[in-house]
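The values are calculated or read from the model by the stated rules, or taken from the named source; none is laboratory data. Here the structure is a predicted model, which means the values were calculated and not measured. Backbone-built Cβ (ideal geometry, glycine too); neighbour counts: all protein chains shown.
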Amino acid sequence: MNNSAILKSLLASDKDIIIYRNSEKNNFELYTDFIEKINLNINNLHKFLNKLDKFKAKKKYDCYIGFFGYELLCKNLNLTVNKDKHAFPEGVFFRPQTKIVIDSKIDIFTKSKLDLIKSLKSLKNSKNISKNKIKVSPSVENYEKIFNKFKKNIKAGETYQIKIAQKYSNKKDLDIAKLFFQLMKKNLSPESFCIRTKEFNVISCSPENLFKVKGNKIVTSPIAGTVSRKKIKSTKQARQFFENNQKEDKEHNMIVDLERNDLSRITKPSSVKIQKLKFVQKYQYIYHNVSDISGTLHENVKLSQIVKAMMPGGSVIGCPKINTLKLLNKEEKEPRRIYTGSFGYFRSIKDMRFNIIIRSILNFNNNNEVFVASGVILDSTAKNEYHENFLKAKSLLDLLK
Amino acid sequence: MKLLLIDHEDSFTYNLAHLLSSFGKLEVKNYYDVKESTVKKSDIIIFSPGPGKPLDYPISLEIYEKFKTKKKIIGICLGFQLIANGEGGIISKQEKIFHGYQTYIRTNNKSLRFPNNHMYQVGRYHSLKLKEPFDSSSMHITMRCEETNVAMCLESHTNDICGLQFHPDSFLTPNGKQFISKIIQLKK
């Protein structure tokens, strides 16, 4: 069996896999043959993070890869969250024994190629659930109520920026790996990933990096500012739009200061620098306004400190983070689960990368859910933001049709 | 020199902490678990920015009241409003909300620390303001927003107290450190 045949039957099998976009190398990495799977909750989170402080990957395939869900990250900040009616795991990390690099050629790094080939079973039968009408929550009416409540909170200075999430859901059986690559052809986002397990599946074309650590350097690249490519035809025009648009510009400023703050909790004094302020990135339907901010980590920094300082990522929540999370958790009724959590890998305390989980489909309990959020702005109306949300969700909702 | 930064759980507190740390030994404490013994040991108390209004933070108001003649006190944004409130000022909503704005402010001739009639570009995050007229025997408004005339700096002439409504910690304030430096270095 050659590498390409192995990959093909692996994708067609029902084995647990994770596929992760490596935007630096412009390829994909597939992880499988998991020897450890850790379901996280608030009681074992710190034990897990402390264990990772001492972990150092030696083999090419070795790492811990997985996600921290939104509810877990809130609990980590001592905040109360809505209870999830279904037992969705609050965070899961996997330790693989096989890594396949998907590029112009396919490379396999594995503990045992023989075991890998033996483990590949035949095609699974996909069951087709025909019911695929998309439901939205909250309704426009409820969204408007929350929106107007938050407007009052902004006027009273209780939050400076707040983002309400909306959930689109339907029932349809998805071929996760196939859909992921289909999506990547149209919308190749730098932080894309997919998780396929027997318990749940995730497809995400996240554009947003939360942080990368290389050595003692940490970099975050928050996105604040979105505009439709229907209205704007070039990157240059998008740049002008963001510069001239007061709302987008001020929102972005706030997030830059917020991220500088979060980095400052774990970095050496005066080491936090704005590397690149407000640059434009182009996607399938939208342009984004992005900044790069870096810092030098404290010596002996712990993973638990990094997670607590940085997660959940502020750009998708609002500002100031703690009080804004409190207001959100009071009004939002649907558990966010993976949405605005973080997915990434950990090879050592000096080598890790985590994103912000947005633009994602979670397939769980026979249900697909897509969340999107947008900010409450005083001179904006609920209906405008409701529309902006739909735009952000569009490339994913296309897959659920 | 020992500095105590009282954090009102803001997302800008640690930007301020990095600015302050070059002036002495800095400790950051959440507003709800500051011990009086820690306050007593500090030379300078700094009230951080934060969400809401001064009356949401009775413990911080109490610390201000107790230590305002004994320690040097600095307040940023909400911290400015805490000082104003402690001096009998009223904090009210402003018509235009400044979240993430970079604007000009101007000094007047009442400042002990800053040159008269000087303009600075500063970053701002506030929806509330000090209501005027504000009459205080010890405090002077020494900077104002160029656009709205809202109070931007409060300085005490009798005690060692200074509050800034804007954010010297923001990247929108060029040379933010010079504000802190001038406030810390000058004795009353």
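Restricting attention to the stretch A:25-37, does a residue exist that is of a type in the set (K, R) and at pLDDT below 95? Yes, the stretch A:25-37 has at least one match. At least 1 residues being over 29 Å from A:F93 (Cβ atoms) is the threshold, and among the strands (runs of 3 or more DSSP E) wholly inside the stretch A:134-196 those reaching it are A:135-137, A:161-170.
Among the residues of the stretch A:359-382, the one identified as closer than 19 Å to A:F180 by Cβ and among the acidic types (D, E) is A:E369.
Tell me, yes or no, whether the stretch B:23-40 has at least one residue that is buried (at least 18 other Cβ atoms within 10 Å of the Cβ), among the β-branched types (V, I, T) and within 15 Å of the chain's Cα centre (by Cα). Among the residues of the stretch B:23-40, not one is buried (at least 18 other Cβ atoms within 10 Å of the Cβ), among the β-branched types (V, I, T) and within 15 Å of the chain's Cα centre (by Cα), which makes the answer no.
For (1) outside any loop (DSSP other than H, G, I, E, B); (2) touching a helix residue (DSSP H, G or I) at 6+ places or on another chain (Cβ under 9 Å); (3) more than 14 Å from every other protein chain (Cβ to nearest Cβ), each residue gets a yes or a no:
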| position | (1), (2), (3) |
| --- | --- |
| B:Q102 | yes, yes, no |
| B:R106 | yes, no, yes |
| B:N109 | no, no, yes |
| B:Q121 | yes, no, no |
| B:H126 | yes, yes, no |
| B:K129 | yes, yes, no |
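Residue pairs whose Cβ atoms lie under 6 Å apart, separated by 6 or more positions or on different chains, with the first residue in the stretch A:260-289 and more than 14 Å from chain B (Cβ to nearest Cβ) and the second of a type in the set (S, T, N, Q) and in a loop (DSSP other than H, G, I, E, B), are A:Q284/A:N187. Do we have B:Y104 as exposed (fewer than 15 other Cβ atoms within 10 Å of the Cβ) and closer than 25 Å to A:A224 by Cβ here? Yes: the conditions hold for B:Y104.
Among the residues of the stretch A:217-248, those that are within 14 Å of another protein chain (Cβ to nearest Cβ), part of a helix (DSSP H, G or I) and either of a type in the set (S, T, N, Q) or surrounded by fewer than 19 Cβ atoms within 10 Å (Cβ to Cβ) (or both) comprise A:E243, A:Q246, A:K247. Residues that are of a type in the set (A, V, I, L, M, F, W, C) and farther than 30 Å from A:V136 by Cβ were ranked within the stretch A:290-327; the one that is farthest from the other protein chains (Cβ to nearest Cβ) is A:L303. One residue stands out among those in the stretch B:167-179 that are under 15 Å from the mean Cα position of the chain (by Cα) and closer than 15 Å to A:S264 by Cβ: the one that is surrounded by the most Cβ atoms within 10 Å (Cβ to Cβ), which is B:D169. Counting only residues that are surrounded by 19 or more Cβ atoms within 10 Å (Cβ to Cβ) and over 28 Å from A:D398 (Cβ atoms), which one in the stretch A:328-346 is farthest from the other protein chains (Cβ to nearest Cβ)? Among those that are surrounded by 19 or more Cβ atoms within 10 Å (Cβ to Cβ) and over 28 Å from A:D398 (Cβ atoms), it is A:Y345. In the stretch B:17-27, the residue that is nearest to the other protein chains (Cβ to nearest Cβ) out of those that are among the aliphatic types (A, V, I, L, M) and under 17 Å from A:R260 (Cα atoms) is B:A17. The condition of being surrounded by 24 or more Cβ atoms within 10 Å (Cβ to Cβ), touching a residue at least 12 places away in the same chain (Cβ under 8 Å) and of a type outside the set (A, V, I, L, M, F, W, C) holds for only one of A:E144, A:E158, A:E191, A:E199, that being A:E191.
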